[in-house]
Structures are given as structure tokens and as C-alpha cells.
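The structure appears right after this line, and notes come after that.
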Amino acid sequence: MAIKLAGKQTFVLQAPPSFAGHACIVGKKEGEGPLRDSFDLISADPFLGEKSWERAESALVKKAVGAALDKASKSFSDVNCVFCGDLLNQCTGTSFGVRESGIPMFGVYGACSTMAESLALAAMTVDGGFADTVLAVTSSHFCSAERQFRTPLEYGGQRPPSSQWTVTGSGAAVLTAEGPGPYVTHVTPGRIVDNGVTDANNMGAAMAPAAYDTLKAHFEDLGVGPDAYDLIVTGDLGAIGSEILCDFFAADGVDLRSKHADCGLLIFDRKKQDVHSGGSGCGCAASVLCGYLLNGMRAGKWQRILFTATGALLSPTTTMQGESIPSIACAVVISNTK
């Protein structure tokens with residue numbers, strides 16, 4: 001009997017795990033944005049002293065994990081397992097980043113929704129009594145993502161206004177069975193939603209229906225609305241996707257705009273930084289969560305937030321074959337009280 005399942009797809013954690021430590025490391029462009037004061041480290045060197053973009057992404061992971069563990073007063077040997085993933089083939093950004101840690105690893109992939117997915121699985125593992133200390137970490141790097149998904153940087157291709165800028169960053173969170181919070185109290189995993197969008201330069205339009213589907217299911221499962229939260233954060237729909245999402249709820253007679261924010265819009269200044277529709281990438285939601293959002297909760301700015309990261313589940317191969325873009329969103333409730 002599923003005693004922790006509310007409604008059709010929301011899990012209610014009976015022993016909510018605590019954020020014992022969290023940290024985020026970003027690149028120079030992200031450090032020039034409005035959230036600069038919330039990052040633990042801003043690297044002026046896009047290579048982070050490494051020989052390739054991919055190694056640089058793994059270096060981001062190492063630094064984020066190290067900083068999060070330091071804040072939690074934990075070492076590698078204290079961590080029972082890690083859930084991690086990124087945008088690269090075989091999740092090499094994170095797997096190479098934690099390979100020397102000796103921590104048992106679960107590799108996960110949800111595209112840009114991976115931080116919410118990793119966090120959800122980590123929280124459920126602790127709540128289920130399978131572990132006392134679990135790590136969730138994700139990453140992305142603008143240059144490694146461009147190499148894999150689009151064209152070499154040297155090509156200098158022009159971006160349409162609907163495109164988004166992949167964040168160079170990594171976020172890591174340490175969850176423990178005991179602690180003062182904030183806590184993960186609920187998880188709503190998403191379904192794959194595909195409304196037929198085929199434009200790989202318009203991720204917001206592709207992902208918005210998935211965000212709507214997961215949020216609507218979450219509200220229905222718990223019998224609540226947007227007013228149950230101080231903030232409902234998506235990541236990363238950008239300007240276009242955020243507008244579509246709010247329009248979907250407006251058609252239902254639900255006002256989401258007054259509570260909604262998007263990680264892709266928070267991390268950059270669109271007017272000054274020329275990122276078109278906003279930020280994206282696994283590191284976008286991860287960096288915003290493990291810095292700005294959790295710092296704000298600890299400071300009492302928000303008491304309860306609904307963190308809903310979104311991902312477009314495409315690959316260069318499917319794009320070239322003319323396939324549409326299936327998307328997914330995972331929602332996690334983070335509260336200052338159990």
C-alpha cells in the first residue's frame with residue numbers, strides 16, 4: 001500500500017530531509033548578472049585551469065561538491081550516495097566530477113530538469129530510511145553544451161530571439177536525515193509531455209506544457225493553489241516559456257503570475273547581457289536553487305517554495321531527424337518547517 005502517495009503523482013515525505021549544506025559555482029557571465037552575490041565562487045576563467053570545456057565542467061562539479069560538503073561539515077566518507085547528471089553524453093560532466101570521491105553514484109538525466117530530479121530522488125532516499133546523507137549535484141557549461149548540441153563556437157552562428165543561453169555553473173546540495181532545515185517535504189515527478197514543438201531554438205515553448213502538466217497535477221493532488229506557496233519557481237522556461245505557462249493557468253482561471261519566477265530569467269539581466277529569452281542548462285536551476293533560493297529561505301525571505309525544474313529531452317540526432325521535442329518537469333516542495 002502506497003502510504004506516501006497523495007493523489008495520482010505526488011509523494012508526501014513523512015521524515016522530510018534537511019539541507020545540511022548547499023553551494024553553487026558559476027562562470028564569469030553568470031557572475032555579472034543580478035544574482036552575483038548569491039554564488040559561492042565566480043570563475044573568471046571559462047576553462048577553470050583545465051584543457052577542455054568538458055574538463056572545466058567537471059571542475060565546476062568538484063568545486064560545488066567540495067563547498068557544499070564543507071558547509072555541511074561532511075566529508076566524502078560521510079555521504080551514502082550521490083544523484084547527479086548533466087547535459088553531456090553519458091553524463092560525463094558530473095560522473096567525471098565525482099569519480100575520485102568514492103561515493104556510490106546514481107547517474108540521472110532529465111535535461112535542464114535534472115537538479116529537481118536529483119533532489120527528488122535524494123530526498124526520497126533519505127525519507128525512505130535508505131541513507132542518512134545524500135548528495136544531489138548537476139552542472140552545465142555554455143561551451144561544452146554548444147559543442148554537443150549546436151555548432152562549434154568558432155562558427156559564430158546567429159541565435160534567434162527565442163533561444164536561451166546555457167549557464168556555466170554547478171549546484172550541489174547535501175541532504176541529511178536530521179537538521180534544522182530547510183526541508184524537502186513533497187515531490188511531484190512529471191510525465192513526458194510533447195505538444196509537437198520542433199524548434200530546438202525555442203526550448204521555452206517546448207517545456208511550458210510539461211511545467212503546466214506537473215504543476216496542475218501537484219495542485220490537484222494536494223488540493224491547493226498557488227497561494228499555498230510564497231514562490232513558485234520554474235527552471236528554465238525563459239521569457240517565452242514563462243509567458244506561455246502563465247497563460248495556460250490564466251485560461252483555467254488561476255493566477256500564477258503573482259507567485260511565479262523563473263531561474264532562466266533570474267540569473268541574467270536580459271537587457272544588459274544579450275541572452276535573448278534567458279538562461280538554460282542543468283546548471284541554471286541548480287545554481288539559482290543552491291544559492292539565491294536556499295539563501296533566501298534561510299534568511300526568512302520565503303517560508304515555502306515550489307521548485308519546478310523543466311527539461312527538453314532532445315538530442316542532436318533527434319533534432320536532425322525532425323523529431324518533436326518531448327519535455328518533462330519535476331516539482332519539489334521546500335519548506336522551512338516540516
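Rundown of residues vs (1) part of a loop (DSSP other than H, G, I, E, B); (2) in contact with a helix residue (DSSP H, G or I) (Cβ under 9 Å, 6 or more places away or on another chain), yes/no style:
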{"position": "Asn201", "(1), (2)": "yes, no"}
{"position": "Gly204", "(1), (2)": "no, yes"}
{"position": "Pro209", "(1), (2)": "no, yes"}
{"position": "Leu215", "(1), (2)": "no, yes"}
{"position": "His218", "(1), (2)": "no, no"}
{"position": "Asp221", "(1), (2)": "no, no"}
{"position": "Asp227", "(1), (2)": "no, no"}
{"position": "Ala239", "(1), (2)": "no, yes"}
{"position": "Ser242", "(1), (2)": "no, yes"}
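Quick check on segment 176-192. Is at least one of its residues farther than 26 Å from Pro326 by Cβ and among the charged types (D, E, K, R)? For segment 176-192, residues farther than 26 Å from Pro326 by Cβ and among the charged types (D, E, K, R): present. Among the residues of segment 293-313, those that are surrounded by fewer than 24 Cβ atoms within 10 Å (Cβ to Cβ) and assigned to a helix (DSSP H, G or I) comprise Asn295, Gly296, Met297, Arg298. Filtering segment 201-222 to residues that are in contact with a Leu (Cβ under 9 Å, 6 or more places away or on another chain) and surrounded by fewer than 20 Cβ atoms within 10 Å (Cβ to Cβ) leaves only Asp221.
A quick yes/no check of all residues on (1) more than 28 Å from Phe39 (Cα to Cα); (2) assigned to a helix (DSSP H, G or I); (3) acidic (Asp, Glu); (4) modelled with pLDDT of 95 or more:
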position	(1), (2), (3), (4)
His186	no, no, no, yes
Thr198	yes, no, no, no
Tyr212	yes, yes, no, yes
Ala250	yes, yes, no, yes
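For segment 122-136, the count of residues that are crowded, with 18+ Cβ neighbours inside 10 Å, under 23 Å from Pro326 (Cα atoms) and among the polar types (S, T, N, Q) is zero.
The values are calculated or read from the model by the stated rules, or taken from the named source; none is laboratory data. Every value quoted in this text rests on a predicted model; they were computed, and no experiment measured them. Glycine gets a Cβ as well: all are built from the backbone with ideal geometry, and neighbour counts include every protein chain shown.
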